[in-house]
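Participant: The structure is given below, and queries will be raised subsequently.
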Amino acid sequence: MIANVLSIAGSDPSGGAGIQADLKSISANGAFAMAALTALTAQNTQGVRDIHLVPPAFVRAQIDTVFDDIRVDAVKIGMIATADIAQAVADALASRTAPIILDPVMIAKGGAPLLQPDAIETLRRALLPMATVLTPNLPEAAHLLGVDIAQSRAEMEIQGQALRALGPRAVLMKGGHLTDADSPDCLVSETGAHWFEGPRTQTRNTHGTGCTLSSALAAQLARTGDIAQATAAAKTYVAEAIAQADQLDVGSGHGPTHHFANFTTAPKDPKS
């Protein structure tokens, strides 16, 4: 049976991040993708121009409506924007049993804030304890903890343990912001720290990588039920999506990753 995965996040009309990236990533990882919108953004590869928030009660209605009719095998939470929306999401999921992947979206690639300051405490209090896996990048992890950004693998492990103490079953510390030649991620769980190695691809087309990874992880976890196995599969998928991103010609800023790199081939030369 194909797994059903619900993404709760904001939209990106340029298609590289947010709900649009989530739907592509979930589908590319073999699950059926569903969506509940928390915000509409006016953005492109150069940045965010405006944000229109969805009323919290309607966010809750979207989630409840899906659960009332459809088996949900995993949930991915992305942009929640405000404390009220965060609480509405938490209330809607409080009685549900599906695993939850929480991507604490705080700042867009271009620097625009996507999470209001008063929402951070609600995120910590209401959503972190519900998360099966929390997937922060290094600036997000530091912001949640109120500490400096990790600069080494040792600091990543320490901050991952500190975040796990706030309630998530596991924390995937994403190491893309390190200055190393590679791009390691660290999964901190009840069994300790496990590292997932990966190459660092030199490209400016990295818009939406956090959304893409967390959605892939949700789809893989729904399929396998194993956090470590799902993490490995999701990281492999995202690494390939980044490696093939320069095949795309989308915008003049930070372009998207190639979500369907494994499903497309270059057209044949008719002269060959």
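The values are calculated or read from the model by the stated rules, or taken from the named source; none is laboratory data. These numbers were taken from a predicted model, which means no experiment stands behind them. Heads up, the Cβs are rebuilt from the backbone with ideal geometry, glycines too, and the neighbour counts pull from every protein chain shown. Ligands, DNA and RNA are stripped out before the accessible areas are found, and what is left, the full protein with its side chains, is counted by its heavy atoms. Shrake-Rupley method; radii C 1.70, N 1.55, O 1.52, S 1.80 Å.
Participant: So how far, in whole Å, is the C-alpha centre of the range 23-76 from the one of the range 152-166?
Facilitator: Each part's Cα centre sits 29 Å from the other's.
Participant: Report the local net charge at Leu128: Lys and Arg +1, Asp and Glu -1, summed over other residues whose C-beta lies under 14 Å from its C-beta.
Facilitator: It works out to a net charge of +1.
Participant: Compare the peptides 210-217, 80-87, 36-43 by average per-residue count of other Cβ atoms within 10 angstrom and give them in order, highest first. Walk me through the numbers on the way to the answer.
Facilitator: Numbers: 210-217: 30.0, 80-87: 23.2, 36-43: 21.4.
Highest mean packing first, the order is 210-217, 80-87, 36-43.
Participant: Same structure, new question: Run the dipole for the range 182-256 about the Cα centre, Lys and Arg Cβ at +1, Asp and Glu Cβ at -1, nothing else charged, and hand back the magnitude in debye, nearest 20. If you can, show how the numbers build up before the last one.
Facilitator: Values: 4 positive and 8 negative charges, 25 e Å.
Here the size comes out at about 120 debye.
Participant: Further question on the same structure: If we count every other residue with Cβ under 13 angstrom of Gly192's Cβ, Lys/Arg +1 and Asp/Glu -1, where does the sum land? Could the numbers behind the result be given before it?
Facilitator: Working: positive: Arg164; negative: Glu157, Glu190.
Every neighbour counted, the sum reads -1.
Participant: Then there's this: Using per-residue counts of other Cβ atoms within 10 Å, averaged over each peptide, order 252-263, 19-30 from highest down.
Facilitator: Working: 252-263: 19.5, 19-30: 24.5.
Per-residue mean Cβ counts within 10 Å order the peptides as 19-30, 252-263.
Participant: Let me ask something else. How large is the helix-only mean residue ellipticity at 222 nm for the chain, computed as the sum of -39500 (n - 2.57) over DSSP H runs with n ≥ 4, divided by its residue count, in deg cm²/dmol to the nearest 500?
Facilitator: Values: 8 runs with 93 residues, N = 272.
Result for the chain: -10500 deg cm²/dmol, rounded to the nearest 500.
Participant: Same structure, new question: Give, in nm to one decimal, the length gained when the segment between Ala243 and Leu53 is fully stretched (0.36 nm per residue of separation minus the Cα-Cα distance).
Facilitator: Fully extending the segment from Ala243 to Leu53 adds 65.1 nm.
Participant: Related question: Keeping all protein chains in place, calculate the accessible area per residue for the range 1-148 (probe 1.4 angstrom), answer in Å². Please list the in-between numbers first.
Facilitator: Numbers: 5850 Å² over 148 residues.
Here the residues of the range 1-148 average 40 Å² of exposed surface.
Participant: Right, something else. So with the 1.4 Å probe, I'd like the accessible area per residue for the range 163-272, rounded to whole Å².
Facilitator: On the way: 5520 Å² over 110 residues.
Counting only protein heavy atoms, the per-residue value for the range 163-272 is 50 Å².
Participant: Using only the Cα atoms of the chain, build the gyration tensor, take square roots of its eigenvalues as a ≥ b ≥ c, and label the shape rounded, prolate or oblate: rounded if a/c is under 1.5, else prolate if a/b is larger than b/c, else oblate. Could the numbers behind the result be given before it?
Facilitator: Details: a/c = 1.33, a/b = 1.16, b/c = 1.15.
Rounded.
Participant: Is any residue of the range 3-18 close enough, with backbone N under 19 Å, to a label point placed 7 angstrom from the Cα of Ile107 along the Cα-Cβ axis, and if so, which?
Facilitator: 17-18
Participant: Whenever you get a sec, compute what percent of the accessible area on the chain sits on carbon and sulfur atoms (1.4 Å probe).
Facilitator: Working: 6470 of 12170 Å².
Answer for the chain is 53 percent, counting heavy atoms of protein chains only.
Participant: How much length is gained on full extension from Met1 to Trp195, taking 0.36 nm per residue of separation minus their Cα-Cα distance?
Facilitator: On the way: separation 194, 0.36 × 194 = 69.84 nm, distance 3.07 nm.
Between Met1 and Trp195, full extension yields an extra 66.8 nm.
Participant: Under a plain spin-label model, where a point goes 7 Å from the Cα along Cα-to-Cβ, how far apart in nm are Phe260 and Asp148?
Facilitator: The modelled label-to-label distance comes out at 4.6 nm.
Participant: Enumerate the residues in the range 240-254 having an amide nitrogen under 11 Å from the point lying 7 Å beyond the Cα of Thr203 toward its Cβ.
Facilitator: Residues 240-250 qualify, since their backbone N sits under 11 Å from the label point.
Participant: From the residues Thr135, Ala74, Leu40, which one has its Cα farthest along the dipole of the range 39-138 in the positive direction, the dipole being from +1 and -1 charges on Cβ of Lys/Arg and Asp/Glu about the Cα centre?
Facilitator: Thr135
Participant: Of Thr97, Ile158, Tyr237, which is farthest towards the positive pole of the range 87-245's charge dipole, taken about the Cα centre with +1 and -1 on the beta-carbons of Lys, Arg and Asp, Glu respectively?
Facilitator: The one lying farthest along the dipole's positive direction is Thr97.
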